[in-house]
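A short write-up of the structure that comes next.
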Amino acid sequence: MLRSVAAQKELQNANFVETLTGHYPSQQADGNRSATCPPEVEGNIVESGKSIEIEIDTFGLMNGEDSATITLENGSGLLYGTAVFDQTILLLTYSATSGLTGANTEIVQLKLSQPGHDTIFTVEVLVRRKGRVVVTQPQTVQPESITTFCLDDELEFSTPMVCAGSRDELDDYDGRAYIVQFLSSYDYPDSCLVYYASRFPGVDTISMTICDEWGVCDLFKVPYIIPGDTLSIATKPFFDDFSAYDGVYPTSDLWLDNSVYRNTTWAKDPPSVGFVTFDGLNFRGDSYNIVEGIGDRLTSKAIDLSNYNAASKVSLRFFVAPKGYGFGPDITDEFTVEFRNDQREWVKVATFAGTGDVPRDSIPPFIFNGIAVDDPQFFHEGFQFRFNAVTSPGGVMDLWHLDYIILAINAESSNRNFQDVAFTKLPTSLLKNYTSLPWRHFKEDVDGEVTDQYVVGFFNHTDEPANLDNSDVNYVETTTNFDFNQHFSIEETGDNIPVRVPFERFGTIPAANYEEIKNKLKNNIPDGSFRNLQTNMHFELSGQPAYFKTNDTIALNTPFSNYFAHDDGTAEWQVVFDSPVGLEQFASKFHTHVTDTLKYVQIMFPQVNIDISSQLFNLNIWIGQLDTTPEFSRPLLKPFLPSLVYDTLQGFTTYILDDFGGNPLPLEIPANTDFYVGFQQETAGTYGIPVGFDLQNPCECNWYSFDSENWLPLPSSYKGALMIRPVFGDSKATSQAGEVKDDNAAISIYPNPTTGQLKMDLQIGNYQDYKMTIFNSLGQLVMQGTMAPSIDLSALTNGVYFIGMLNEKTGEMFNRRIVLAKN
């Protein structure tokens, strides 16, 4: 999810930069840039104010006479310096005049005198000025903006520029690690800088080095001033429980970092719905390149505490949990809290040790913590606090989860009595068997697919058992804006909501509402390729401050598209066969309600810390029951990891049902039929190909086999859903031997098999926007470059190849399999 959101943001930024500069930033071609900067300049080179010694070689000038002499002819008449010649050792010393500007060639003349004749010869000296360090006027830019700054009057080169480069200066700017900067063009030596500002206020200095063809290099330092606002806790606390907004990053209204992952699923029983996870991945979803050290951070904006003191009882309170559904932090890893003092120094005020080895199914709870802000050094107008997670190494290895953060006055640090009751999880789906299925299948059996049961999670932060004053549940179909208008209360049966423990209420939709909901689903929503059913829940609690009301409303979107899914798109776990021999299989069960054509299968391959690109798997489909002979089998597939830019399904890789020649083989499945989609490990090894596993939506639909004959349901300790999705639709693919084109495809590749010349028909876009990579069946890269209407593969050996095509502007990625059969 982080990769997907970051890629989309970077795509938007890149398009903006292209509009700003006329140049797309990912196309960093060398152009006319020098291969090295500064450039390599040959000859006798000396800077202004310095000297150079040149040994004079008389080879070829002497006629063998011992009485020959060499003298300096123009030692006092030089333009840019002076020269001295030592006859005894044949050494010319040239001293360049101080204060020279530009670059010039000095011609030094020497005379070789021999009996009967004299010879004049010259030595060229390249005299250039010293490189300058220029500090430009400060540039004020807004947080998270993109700006261009060009050097104009600051440039003083007498010869053409040949190269340029930029870097972030080592300064005390907090946001330094989040800066992206580059030259606005890579087609020529550029003097403009594109700057991406972070959220962090302060002064960030970016340096740009520019050199001309004589190797004169100037260093330009550009200070960027990023303003920031200061928060106040005079009228309301600093409070965030990560429930009031969507997205994967914390809100910029309160926080400066965006490296932690905001989510609702990676930990159990949080104090409110939504929390942030410190996961060892940066804001792009990439592992930190560290063996051990600080990974994720969460830093508050500046908060004005200048009017307070120890008697004000300022306190920071929060809930933290290690591990969750992921890996627990090592015993040597830490989770720390720091305060910023009046000298802008960070002071560590609390440390939480890692858990060490914890059983996979053991989930440590969220624990309340409070820290008093009582030291005089913290009472200033720029106070900040931040949380840090030490990870070893980088990657999704040492997880911490943080929630319900409040900084307030007149509050003891031990006081956890908040006038708040919070939802702790999203609503459960109205669907009984799936998280998503095609609308046409759903409409055929609404009664069988809709449940009247729901589960609601609460956390009561008050000192007394609580009752809800008012609550409401309703449903809306968002694509047609149809309101079901079936409002009912969250049932008040059972005990009142207990104090400070996770509490689940199991409810039943009232019978009249339930029947009316099903009736409206059948009759009031027109058919369409996509529908979205939104479940909304809300409650009210008297006496609750406004800032606590953010966790009183929750919503769940249930999509109806062209696929079946048991999962919600988030893989808390992965399932994988250890030490596979090549027969092991997973399978997920589905059921049709109408006759339909299975055209694709989507599989979620988690981003893991091992290389699985050379492994292979087989895609199998059974109709009716699991046995030894699937109705469809496609062997030797590769686990491609998509770019995640355009895929809202969190990086599911789509596989067309086809044969070795790339000919589509859509599979018709009759109505009211069970079918199974299976993943079979083909490659033997110590670690197989992992498949995503969603813990939030357990189903009785997961099967496995070690020998491809005996099938068993996944053990009860694996409560979740395999992230495998069958995709249906009308097939328009036509089959002709050796030449297949898919009318639905954005890119058609044919003939397949090919004898060497491969045609690539692009339906939308430009060829130059696509980066093409070709791998052999062993996962080795054999060719790459820009896509073209025709590709020559004749230099490759016969076999199966995999072509990946990435649109660098839209982020779309397409994969095709081809067979090369020369002769």
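Couple of notes before you dig in:
- Answer from THR435, THR451 - the residue that is of a type outside the set (Gly, Ala, Ser), at pLDDT 95 or above and in contact with a Ser or Thr (Cβ under 7 Å, 6 or more places away or on another chain): THR435
- Selection count where residues are among the aliphatic types (A, V, I, L, M) and under 17 Å from VAL216 (Cα atoms), scope the stretch 137-155: 2
- Filtered by the rule that a residue be open to solvent by 10 Å² or more (accessible area, probe 1.4 Å), within 35 Å of the chain's Cα centre (by Cα) and within 18 Å of ILE233 (Cβ to Cβ), the stretch 379-400 gives GLU381, GLY382, GLN384, ARG386.
- From the list VAL222, VAL203, the one residue that fits, being over 20 Å from VAL337 (Cα atoms) and open to solvent by less than 20 Å² (accessible area, probe 1.4 Å), is VAL222.
- Taking the stretch 439-487 as the range and being in contact (Cβ under 8 Å) with a residue 40 or more places away in the chain, β-branched (Val, Ile, Thr) and not in a strand (DSSP E or B) as the test, the residues that pass are VAL446, THR462, THR478, THR479, THR480.
- Residues that are free of Cβ contacts under 8 Å to residues at least 40 places away in the same chain, among the β-branched types (Val, Ile, Thr) and part of a loop (DSSP other than H, G, I, E, B), drawn from the stretch 339-390: THR355, VAL358
- When restricted to residues that are of a type in the set (Gly, Ala, Ser) and assigned to a loop (DSSP other than H, G, I, E, B), the stretch 508-543 contains 4.
- Annotation: of all residues in the stretch 318-337 being surrounded by fewer than 22 Cβ atoms within 10 Å (Cβ to Cβ) and farther than 18 Å from PRO270 by Cα, the one that is modelled with the lowest pLDDT is THR332.
- Scope the stretch 544-575; condition in a strand (DSSP E or B) and touching a helix residue (DSSP H, G or I) at 6+ places or on another chain (Cβ under 9 Å); matching residues: PHE560
- Residues (loosely packed, with under 15 Cβ neighbours inside 10 Å and either touching a His at 6+ places or on another chain (Cβ under 9 Å) or within 16 Å of SER471 (Cα to Cα) (or both)) located in the stretch 538-554: GLU540, SER542, GLY543
- Within the stretch 209-232, being part of a strand (DSSP E or B) and aliphatic (A, V, I, L, M) holds for ILE210, LEU219, VAL222, ILE225, ILE226, LEU231.
- Residues that are among the polar types (S, T, N, Q) and open to solvent by less than 30 Å² (accessible area, probe 1.4 Å) within the stretch 673-704 comprise THR673, GLN680, GLN681, ASN702, listed in sequence order.
- When residues of the stretch 576-597 are limited to those that are over 18 Å from ASN620 (Cβ atoms), at pLDDT 95 or above and in a loop (DSSP other than H, G, I, E, B), the one most open to solvent (accessible area, probe 1.4 Å): THR595
- Residue count for the stretch 154-164 under the criterion of being within 11 Å of CYS37 (Cβ to Cβ) and open to solvent by 30 Å² or more (accessible area, probe 1.4 Å): the result is 2.
- Subset tally (residues that are over 41 Å from the mean Cα position of the chain (by Cα), exposed (fewer than 14 other Cβ atoms within 10 Å of the Cβ) and either over 11 Å from PHE484 (Cβ atoms) or of a type in the set (Ser, Thr, Tyr) (or both)) for the stretch 508-532: 3
- Which numbered condition ARG132 misses (of (1) surrounded by fewer than 16 Cβ atoms within 10 Å (Cβ to Cβ); (2) over 29 Å from LEU219 (Cα atoms)): (2)
- When the stretch 425-462 is limited to residues that are open to solvent by 10 Å² or more (accessible area, probe 1.4 Å) and of a type in the set (Gly, Ala, Ser), the one that is farthest from SER561 (Cα to Cα) turns out to be GLY448.
- Residue within the stretch 106-128 that is in a loop (DSSP other than H, G, I, E, B), under 19 Å from CYS217 (Cβ atoms) and open to solvent by less than 70 Å² (accessible area, probe 1.4 Å) present: no
- Checking each residue in the stretch 267-317 for being outside any loop (DSSP other than H, G, I, E, B) and surrounded by fewer than 16 Cβ atoms within 10 Å (Cβ to Cβ) picks out GLY293, ILE294, ALA310, ALA311.
- Criterion violated by ALA411 - all others in (1) part of a loop (DSSP other than H, G, I, E, B); (2) open to solvent by 30 Å² or more (accessible area, probe 1.4 Å) satisfied: (2)
- Residue ID - farthest from SER198 (Cα to Cα), chosen from residues in the stretch 144-153 that are open to solvent by less than 50 Å² (accessible area, probe 1.4 Å) and in a loop (DSSP other than H, G, I, E, B): LEU151
- Among the candidates VAL446, VAL450, VAL476, VAL421, the residue that is under 16 Å from VAL273 (Cβ atoms) and of a type outside the set (Lys, Arg) is uniquely VAL421.
- Residue satisfying all of: in the stretch 70-90; in a strand (DSSP E or B) and of a type in the set (Val, Ile, Thr); least open to solvent (accessible area, probe 1.4 Å) among these: ILE70
- If the condition is being open to solvent by 50 Å² or more (accessible area, probe 1.4 Å), within 40 Å of the chain's Cα centre (by Cα) and not β-branched (Val, Ile, Thr), then the stretch 467-486 contributes ASN481, ASP483, ASN485.
- Just so you know, in the stretch 705-718 the residues that are at pLDDT below 95 and surrounded by fewer than 17 Cβ atoms within 10 Å (Cβ to Cβ) include one that is nearest to the chain's Cα centre (by Cα), and it is SER717.
- Any pair with Cβ under 7 angstrom, 6 or more apart, that starts in the stretch 313-338 at a residue that is closer than 10 Å to LEU399 by Cβ and among the basic types (Lys, Arg) and ends at one that is part of a loop (DSSP other than H, G, I, E, B) and open to solvent by less than 10 Å² (accessible area, probe 1.4 Å): LYS323/LEU399
- Sub-6 Å Cβ pairs linking a first residue in the stretch 491-507 that is open to solvent by 70 Å² or more (accessible area, probe 1.4 Å) and in a strand (DSSP E or B) to a second residue that is modelled with pLDDT of 90 or more and among the aliphatic types (A, V, I, L, M), at least 6 apart or interchain, are GLU504/VAL455; PHE506/VAL455, ordered by first then second residue.
The values are calculated or read from the model by the stated rules, or taken from the named source; none is laboratory data. All values derive from a computational prediction rather than experimental measurement. Glycine gets a Cβ as well: all are built from the backbone with ideal geometry, and neighbour counts include every protein chain shown. Heads up: the accessible areas ignore ligands, DNA and RNA and are worked out on the full protein's heavy atoms, side chains in. Shrake-Rupley method; radii C 1.70, N 1.55, O 1.52, S 1.80 Å.
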